[in-house]
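Step one of this worksheet: look at the structure below.
Each value in this text was obtained by applying a stated rule to the coordinates, not by laboratory testing. All figures in this text were calculated on a predicted structure; none of them were measured in a lab. Cβ atoms come from the backbone with ideal geometry, glycine included; neighbour counts cover every protein chain shown.
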Amino acid sequence: MNYNDYEGVMGLEVHAHLLTESKIFCGCSTKFGGEPNSHTCPTCMGLPGALPVLNKKVVDFAIKLGLALHCTINRKSIFARKNYYYPDLPKAYQISQYEEPICSNGYLDIFMNGEKKRIRVLRVHMEEDAGKLVHESTIEASTYSLVDYNRSSVPLLEIVSEPDLSTPEEAVLYLKALRDVLVYLEICDGNMEEGSFRCDANVSVKRKSDTKLGTRTEMKNLNSFRSVEKSLAYEITRQIDLVKQGGTVIQETRLFNVDEGITYSMRGKEEAHDYRYFPDPDLLPLIVDDQWIEEIREGLPELPMAKMERFMTDHGLPRYDAEILVSDKELADYFEETVRLCKEPKTASNWIMTELLRELKNGNISPKDSPLSPAHLAELLSLIKDGTINIKIGKEIFPELYERGISPKELVKEKGLVQISDETAIVAMIDAILAKCPREVEEFRAGKDKLLGFFVGQVMKEARGKANPKLLNELLMGRLKGSG
């Protein structure tokens with residue numbers, strides 16, 4: 001079936017848990033885990049007479065994200081009650097923001113195949129999270145559910161994009177870019193496995209020539225980049241097939257089955273009026289003045305996009321390198337410290353993206369916990385640059401340097417790996433090899449240039465890999481051509 005005349009249209013609703021010590025409307029801990037229902041109080045349990053008190057740090061974080069996403073910070077915003085019943089929602093309503101959010105009309109740029117694309121952000125608003133249902137099974141195979149309210153009233157920011165995404169790949173790039181911003185701002189850890197960064201997606205399809213959007217479905221609780229990409233790809237294909245066969249897309253909420261790779265219907269899609277939003281009578285309108293906003297603006301860190309541009313401009317890195325390095329704040333910091341010490345940006349980038357990332361991935365370790373410090377990597381690169389060792393030896397000892405976390409100078413001395421740069425010693429080894437291989441020497445001098453690699457290998461074997469490669473090649477060519 002031909003899909004080229006259709007395209008997907010997607011907008012994402014991202015929920016980000018904030019890194020506050022206490023919940024949004026009470027003093028209970030937000031720490032992940034803990035005994036079920038141990039991080040609770042009358043306020044977050046919704047008991048009669050308990051009143052919410054807004055956590056100022058949540059507002060600080062909302063303004064910080066709004067500024068990073070180029071949003072308008074609304075001087076007045078309203079908390080509203082979103083009414084629905086579910087066992088993990090003790091009050092039978094969620095305190096959120098609706099008509100008057102704290103941030104609106106921003107954007108986030110992504111790069112797709114080297115081209116910049118701007119994804120508009122409709123709104124960023126504050127709200128409280130619900131609790132968590134824990135599904136159990138008995139020996140008799142009947143099932144039941146328990147409720148853990150530790151997560152109830154943990155502060156969230158919901159970031160709602162406009163329907164500017166066309167492909168699942170763009171959606172993943174947008175999510176990764178947004179998570180990077182949140183982590184750089186130090187307001188969310190971006191952990192999708194623990195649910196502190198998750199998203200819902202609104203998906204529709206239309207002919208590329210049409211301006212009117214199709215009927216959308218909502219994909220709920222996508223908690224990995226892989227799930228996002230796979231579920232959106234499946235749902236777009238499903239809707240195109242349905243439309244081309246003369247069917248009708250139903251506005252509904254759907255879930256993604258990871259094992260089967262398909263989406264399935266969960267319920268009819270709620271509209272705003274179904275939630276009966278109204279201003280929360282226990283919370284006054286939030287008023288944010290210019291001084292508050294400017295104080296937060298002054299404390300903003302360098303954000304991923306700006307850092308990427310600086311890495312390209314100041315350090316001369318290609319975009320590919322810069323994108324990888326800034327995708328992890330700790331990795332970017334590691335790179336900058338290494339460059340500060342060795343003054344070799346591209347060389348440092350190459351070693352970090354190959355040798356270091358391989359070891360970090362194998363051990364599932366973050367850059368800040370790397371046994372090999374930036375100072376030691378810079379020292380290793382200096383040893384290579386000044387000819388103490390060659391690149392081959394550097395790569396061979398890297399795993400041991402990483403594992404032991406010791407100085408490269410100490411390891412090179414310990415193993416006797418100092419590069420041989422003495423001309424007399426290298427010439428002696430060359431002459432010994434040439435004397436053993438008279439036939440190959442004749443063939444080389446007769447025009448079989450590929451034999452040069454053979455001779456280099458033989459001499460390197462004799463030198464146990466420690467001969468200076470550049471000097472070896474120069475001296476070897478001289479002896480082979482009879483001019484050395």
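Provide Asp210, Asp321 in ascending order of the number of other Cβ atoms located within 10 Å of each residue's Cβ, fewest first.
By the 10 Å Cβ count, ascending, the order reads Asp210, Asp321.
How would Ser196, Ser265 line up from fewest to most surrounding beta-carbon atoms within 10 angstrom?
Least crowded to most crowded, the residues run Ser265, Ser196.
At a 10 Å Cβ-Cβ cut-off, how would you order His125, His376, fewest neighbours first?
Ranking His125, His376 by Cβ neighbours within 10 Å, fewest first, gives His376, His125.
Among rounded, prolate and oblate, which fits segment 1-141 when a ≥ b ≥ c are the square roots of the eigenvalues of its C-alpha gyration tensor, a/c under 1.5 means rounded, and a/b larger than b/c means prolate?
Taking the square roots of the gyration eigenvalues as a ≥ b ≥ c, segment 1-141 is oblate.
Taking Cα centroids, how far is segment 103-180 from segment 336-394 in Å?
Here the answer is 35 Å between Cα centres.
Dipole of the chain (Lys/Arg Cβ +1, Asp/Glu Cβ -1, origin at the Cα centre): which of Leu434, Leu286, Leu232 lies farthest to the positive side?
The one lying farthest along the dipole's positive direction is Leu434.
So for the pair Lys361, Lys31, with labels modelled 7 Å out along Cα→Cβ, what separation do we get in nm?
Modelled inter-label distance: 3.5 nm.
If you take the square roots of the eigenvalues of the alpha-carbon gyration tensor of segment 248-311 and sort them as a ≥ b ≥ c, do you get rounded (a/c under 1.5), prolate (a/b over b/c) or oblate?
Verdict is oblate for segment 248-311.
Considering all alpha-carbon pairs of segment 423-480, what whole percent are spaced by more than 13 angstrom?
Everything past 13 Å amounts to 54 percent.
Distance check, please: which entries in Lys56/Lys117; Lys76/Lys307; Lys82/Lys244; Lys208/Lys307; Lys176/Lys230; Lys409/Lys450 exceed 26 angstrom between their Cα atoms?
Long pairs (Cα-Cα over 26 Å): Lys56/Lys117; Lys76/Lys307; Lys82/Lys244; Lys208/Lys307; Lys409/Lys450.
Could you quote the convex hull projected area for segment 303-388, Cα atoms only and averaged over all directions, in nm²?
Average projection, Cα convex hull of segment 303-388: 5.3 nm².
What residues have an amide H closer than 5 Å to that of Ile262, excluding those fewer than 5 places away on the same chain, when H is modeled at 1.01 Å from N in the peptide plane?
Result for Ile262 returns Asn257.
What FRET efficiency comes out for the pair Ile391/Thr167, r = Cβ-Cβ distance, R0 = 45 Å, nearest 0.05?
Efficiency for this residue pair is about 0.65.
If I histogram all Cα-Cα distances within the chain using bins 20 Å wide from 0, what percent of pairs lands in each bin?
It works out to 19, 40, 25, 13, 2, in whole percents.
So which DSSP H runs in the chain come out at 27 Å plus along the axis (Cα) with average Kyte-Doolittle of at least -1.0?
The answer, listed by residue number, is 225-244.
From the gyration tensor of the Cα coordinates in segment 149-207, what semi-axes in whole Å does the equivalent ellipsoid have, largest first, with each one equal to sqrt(5λ)?
25, 14, 10
Pop the C-beta distance of Asn113 and Ala375 into the FRET formula with R0 = 25 Å and round what comes out to the nearest 0.05.
Computed FRET efficiency for Asn113 and Ala375: 0.10.
Alpha carbon centre of segment 188-204 versus segment 1-58: separation in Å?
Centre-to-centre distance over Cα atoms comes out at 12 Å.
Nearest 500 deg cm²/dmol is fine: what mean residue ellipticity at 222 nm does the chain get from its DSSP H runs of n ≥ 4 alone, each adding -39,500 (n - 2.57), divided by its residue count?
-12000 deg cm²/dmol
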